Structures are given as C-alpha cells and as structure tokens.
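Nothing in this text is a laboratory measurement; each read-out follows from the coordinates by a stated rule. Everything numeric here is computed off the predicted structure, so don't read it as measured data. Reconstructed Cβ throughout: ideal geometry from the backbone, glycine too, with neighbour counts over all protein chains shown.
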Amino acid sequence: MDTAEQQDTLFSFVHEDRESVTYLALRGHLDARTANTLKEIIQTLIQSNTKRLALDLSGLETLDSSGMGGVVSLIGRLHTAGGKVKVFGLQGQPKELFTALNMHRAFDLVDDLNQAVKALTK
C-alpha cells in the first residue's frame, strides 16, 4: 500500500493505493486558496492511471465554488479517462453546498469506504 499525505494549515489530503482501489481523503478547507493543491492531486491521479477512486470528503470543513469546481474536475477527468469514482462522507457545510447545487444527484454517493470499495470492485 502506497501512502501519500500532505498537510498545510488550510488543506490536507491522504492518498493511499489499496489493491485495486485508490483512496483519497480531503481534509480542511477546499476553497480558492487551496484549489491548486487539488489540481496537483488530479494530475497525479491521471498520470498514475487511476481507474477506481474512493473519495472521502468527511474531513472537509468548508467547501466553496472553487473547491467544488476542483471536485467536479477530478470526477470528470477520471470518468473521461475510463475511471469510476464513489464519493462518501459528506457532512456539514460541504454537504449543504452539494445539496444546494444538486450535486448529490450528479455524483455517485455511497455511505462509507466499505460501500465505495464494494461498488468499485464489482
């Protein structure tokens, strides 16, 4: 299992390759100040030919339109590359934003990591 973790005062992430599924947990504040970090993560995932991504948003405290754009870009680029993404862990303000923008209908949301892995490995 390969693990990468980056932290700063506003935003951090954990990236682990678990057999055939990549786990990515986003933490902190995903907004205009930190969205470039997510762009770098997306590029790394595309370059490593990620096909199955379990995206954990339970650690996000805040999400703005720039951050949402990054999440949409991540999911869209992986889908374009033939990948599948399962999103879980939405809560608080990020969940409210997903709901307000009807993004909860556009993305494949599941309850937890176990459901994500199960759905991705079918």
Which of the lysines could be linked to Lys39 by a straight reach, that is with a Cα gap under 22 Å, when you skip same-chain ones fewer than 8 residues away? Lys51, Lys84, Lys86, Lys95
Once you charge only the Cβ atoms, +1 for Lys and Arg and -1 for Asp and Glu, what is the size of the charge dipole of the chain about its Cα centre, to the nearest 20 debye? 520 debye
Descending semi-axes in whole angstrom, ellipsoid equivalent of the chain, from the Cα gyration tensor: 20, 17, 14
Residue span Glu40 to Asp111: 0.36 nm per residue of separation minus Cα-Cα distance leaves a gain in nm of 22.9 nm
Could you point to the residue in Gly89, Phe13, Leu101 farthest towards the positive end of segment 2-120's charge dipole, with +1 and -1 charges on the Cβ of Lys/Arg and Asp/Glu respectively? Leu101
Theoretical FRET efficiency, 1/(1+(r/R0)^6), r = Cβ-Cβ of Ala81 and Thr9, R0 35 Å, to 0.05: 0.65
Over segment 2-120, relative contact order from alpha-carbon pairs under 8 Å, at least 6 apart, %: 23 percent
